[in-house]
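Written below as structure tokens is the structure these notes are about.
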2 protein chains.
Amino acid sequence: MGRLERHATITDVAALAGVSVGTASKALNGRGSLREETRRRVREAARQLNFEANAGARNLHSGRTYTVGMITTDTIGRFSIPVLMGAEDALGAGEMSIFLCDGRGDPIREQYYVKTLLSRRVDGIIVTGRRTEARAPIGVGLPVPVVYAFISSADPDDCSVVPDEAGGARKAIDHLLAIGRGRIAHITGPDHHNSARVRAAATTRRLAEEGLSLVAPPLFGGWSEAWGGQAAGILLGSGTEFDAVFCGSDQIARGVGDALRAAGRRIPDDVALVGFDNWDVMIEGAKPPLTSVDMNLQGLGRSAAERLLAAINGSPSPGVHALPCHLVVRESTTVPLRSPQASPPGPAG
Amino acid sequence: MGRLERHATITDVAALAGVSVGTASKALNGRGSLREETRRRVREAARQLNFEANAGARNLHSGRTYTVGMITTDTIGRFSIPVLMGAEDALGAGEMSIFLCDGRGDPIREQYYVKTLLSRRVDGIIVTGRRTEARAPIGVGLPVPVVYAFISSADPDDCSVVPDEAGGARKAIDHLLAIGRGRIAHITGPDHHNSARVRAAATTRRLAEEGLSLVAPPLFGGWSEAWGGQAAGILLGSGTEFDAVFCGSDQIARGVGDALRAAGRRIPDDVALVGFDNWDVMIEGAKPPLTSVDMNLQGLGRSAAERLLAAINGSPSPGVHALPCHLVVRESTTVPLRSPQASPPGPAG
DNA sequence: GAAACCTAGGAAAACGATTGCCGTCACGTT
DNA sequence: AACGTGACGGCAATCGTTTTCCTAGGTTTC
């Protein structure tokens, strides 16, 4: 790793340029009134020494660190990443850096991180997590603003940015109805999981609005492919007829799809399939590619960061803010134009 | 988000406790010689004001920030996360915080991050990325130590911690040979990808050591399930006989497995299947669960962080350090004890 | 009872950068 | 020649903390 040079200070720069530190500072920050020649000399000295102003020292004055903390409630993973990236986008533009803290689902660890972040004088904190469920606030009367993203705070005065999962479920059902499927089943995650309950309830309600109902009560289980396959088996075994399955996750949908195909049902001809999450890995692996609800996690992260910045600048936006989901339609709900496999008769070209 | 309290300073604490700031500092840090009663009084005042020492101000003296930067070369994702978590483990013990910077594969952005991190006076930098390929150093003569994790630096004097992919491939082949499979095919990612080439070369070499060779030249393509399926088709169509397929990724393996099963080959009875990455999502979704090579990314992150800490403390470890991979054996290479599906005859219990 | 010695805690100088204020110099004006 | 006026830069305070040095007492010791 080569020779480690020492960090140059503004004193070094000033000395090299033959001016006082105050003048050097002004020269580098475009303040005060200096001859252009002086500025040039200082800038050249700074360049030569690879000078980078010590942010810590600078922050001592401004009272701001241009730094935010991001705490994940549980483990950082598939859902936190896009949120993180969105937040980074929004914050990067404001030249802010992010401290990442992985709570690992341990409240003690989490509290420790909060203390650390506060001692580092972050300008604000974003809290996120794998579950959309409301959670206890990370602290009360904290000296910096906090925004919850994806997950929400149990305190309604906190600012939370969440996906409109119910709306997403409604869009899925709307789509299925629009393509003429009325005998819909719903297979989803564990019933102690907020997302599963919310999506199932919205599904049932939306169908009720049309005077319809699910062909069977929602099947609660897990979020895995295995559960999808198992649930599909239950459905097939019950003898219930159905022409569409709306699944609580793409993984479930994939498991369902595999099981249905194994049982001789064609997708989408016999059964239309809709997933949730729009997770590329599952979407692309599924046969055929899966129609799915996208929660726009990156947009969510961006929005959360923007609200945090606003709060830092004195304009907080308390309350729960729901962002719309959108449906990405693929071949699991629409007959492909030209199908490479066996497909129902139709004009071939 | 409630009332925002101002950050208390040590001056506030000192005033409340009725001592000077110097004394307050000593009391809180266990320095100097003070009466126990005085210490108690100061601690109580600090507690009452929710005092957290301003890390920036403190760092001004110590010259250290107890902070490291983590830069991802490309996008933060499936490979960076475990590395990040491992690093967090190792650093968290040292009370260090992590600045996360997502380079998004843009060198300009990356250089900007390096500057930012330096101005924030991080004690060190960890560079990681999705590809194991050697990359240009993020800088020369930087004032802080740098460790590359997963990805490696093109400068051999830099410290890089990488998985021993070749060793992993050898272990996979060892295992296949041990279970009596000698007609092995290899399907992997694009040949411009370092990992694909390294693994393929190691595979070929290991077989050569036994006087064997692949049943066909390695099939280079992509990392996806789709490619796996396609490649399996090629293999089947060629008429080549094979009793095992070693795949460059779990996704490929899954695609291969699905295609083989669709073609009537039983796994592992007819064809044993080994993946690479040991990615839970793919492993569990595959039927049967996939034997796979695990690169121990978390251990890699931990090791990288430990080496960084050592370097910060004056004991750098230049060079490329390869960490062993290990093979996780599952049912795609071992006949299950009791099989729920059709299985070759054998004592049923 | 005085010299020597602790001990507790205060005062002030750092750390690195910013910024308001003020002095100085070179002009131009009357 | 005396004065006013910009322009240019230096000085010093400031941010919050740590740390060194120092002093004012009280305690020991002979």
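Can you find a residue that is within 30 Å of A:Ala286 (Cβ to Cβ), more than 14 Å from every other protein chain (Cβ to nearest Cβ), part of a helix (DSSP H, G or I) and of a type in the set (S, T, N, Q) anywhere in region B:202-219?
yes
Considering A:Val83, A:Val146, A:Val140, which residue is away from DNA strand D (no atom under 16 Å from the Cβ) and either of a type in the set (D, E, K, R) or surrounded by fewer than 23 Cβ atoms within 10 Å (Cβ to Cβ) (or both)?
After ruling out the rest, the residue left standing is A:Val140.
Tell me, which strands (runs of 3 or more DSSP E) wholly within region A:16-134 include 1 or more residues that are touching a Gly at 6+ places or on another chain (Cβ under 8 Å) and modelled with pLDDT under 95?
Working: elements: A:67-72, A:97-102, A:124-128.
By residue number, A:67-72, A:97-102.
Which is among the small types (Gly, Ala, Ser), more than 8 Å from every other protein chain (Cβ to nearest Cβ) and closer than 20 Å to B:Ala53 by Cα, of A:Gly86, A:Gly167, A:Gly139?
Selected residue: A:Gly139, the only one of A:Gly86, A:Gly167, A:Gly139 that is among the small types (Gly, Ala, Ser), more than 8 Å from every other protein chain (Cβ to nearest Cβ) and closer than 20 Å to B:Ala53 by Cα.
Given the condition without any contact (Cβ under 8 Å) to a residue 24 or more places away in the chain and of a type outside the set (D, E, K, R), answer yes or no: does some residue in region A:120-130 qualify?
No: region A:120-130 contains no residue that is without any contact (Cβ under 8 Å) to a residue 24 or more places away in the chain and of a type outside the set (D, E, K, R).
Enumerate the helices (runs of 4 or more DSSP H) found wholly within region A:238-327, keeping only those where 2 or more residues are more than 11 Å from every other protein chain (Cβ to nearest Cβ).
Once the helices (runs of 4 or more DSSP H) in region A:238-327 are filtered for at least 2 residues that are more than 11 Å from every other protein chain (Cβ to nearest Cβ), what remains is A:250-262, A:297-312.
So A:Ala172 clears everything in (1) under 30 Å from A:Ser80 (Cβ atoms); (2) out of contact with any Leu (no Cβ under 7 Å at 6 or more places or on another chain); (3) away from chain B (no Cβ under 14 Å) except one condition, right? Which one?
Unmet for A:Ala172, out of (1) under 30 Å from A:Ser80 (Cβ atoms); (2) out of contact with any Leu (no Cβ under 7 Å at 6 or more places or on another chain); (3) away from chain B (no Cβ under 14 Å): (2).
Looking at B:Ser97, B:Ser62, can you tell me which residue is touching a helix residue (DSSP H, G or I) at 6+ places or on another chain (Cβ under 7 Å) and over 20 Å from B:Cys159 (Cβ atoms)?
Among B:Ser97, B:Ser62, only B:Ser97 is touching a helix residue (DSSP H, G or I) at 6+ places or on another chain (Cβ under 7 Å) and over 20 Å from B:Cys159 (Cβ atoms).
Can you report the number of residues in region B:207-262 which are among the hydroxyl-bearing types (Ser, Thr, Tyr) and within 21 Å of B:Thr334 (Cβ to Cβ)?
Number of matching residues: 1.
Consider A:Arg3 carefully, then state whether it is more than 9 Å from DNA strand C (Cβ to nearest atom) and at pLDDT below 95.
Details: more than 9 Å from DNA strand C (Cβ to nearest atom): yes; at pLDDT below 95: yes.
Answer is yes for this residue.
With the requirement that a residue be of a type in the set (D, E, K, R) and either in contact with a Cys (Cβ under 8 Å, 6 or more places away or on another chain) or within 12 Å of chain B (Cβ to nearest Cβ) (or both), what does region A:40-73 give you?
Within region A:40-73, A:Glu52, A:Arg58, A:Arg64 qualify.
Name, by its number, the condition in (1) closer than 30 Å to B:Val114 by Cα; (2) more than 11 Å from every other protein chain (Cβ to nearest Cβ) that does not hold for B:Val21.
The one condition B:Val21 does not meet is (1).
State whether one or more residues within region B:33-54 are touching a helix residue (DSSP H, G or I) at 6+ places or on another chain (Cβ under 9 Å) and closer than 30 Å to B:Arg109 by Cα.
Scanning region B:33-54, I find at least one residue that is touching a helix residue (DSSP H, G or I) at 6+ places or on another chain (Cβ under 9 Å) and closer than 30 Å to B:Arg109 by Cα, so the answer is yes.
How many residues does region A:12-47 contain that are near DNA strand C (Cβ under 7 Å from one of its atoms) and more than 44 Å from the chain's Cα centre (by Cα)?
Qualifying residue count for the region: 3.
Quick one: which residue in B:Ala57, B:Ala24 is within 9 Å of DNA strand D (Cβ to nearest atom), surrounded by 19 or more Cβ atoms within 10 Å (Cβ to Cβ) and without any contact (Cβ under 8 Å) to a residue 24 or more places away in the chain?
Working: B:Ala57 fails: surrounded by 19 or more Cβ atoms within 10 Å (Cβ to Cβ).
After applying the criteria, what remains is B:Ala24.
Looking at A:Asn296 and the list (1) modelled with pLDDT under 95; (2) among the polar types (S, T, N, Q); (3) at positive phi, which single condition is not satisfied?
(1)
Quick one: which residue in A:Arg170, A:Arg197 is crowded, with 21+ Cβ neighbours inside 10 Å and not in a loop (DSSP other than H, G, I, E, B)?
The conditions single out A:Arg170.
The values are calculated or read from the model by the stated rules, or taken from the named source; none is laboratory data. In this text the structure is predicted, and so the values were computed from the model without any measurement. Backbone-built Cβ (ideal geometry, glycine too); neighbour counts: all protein chains shown.
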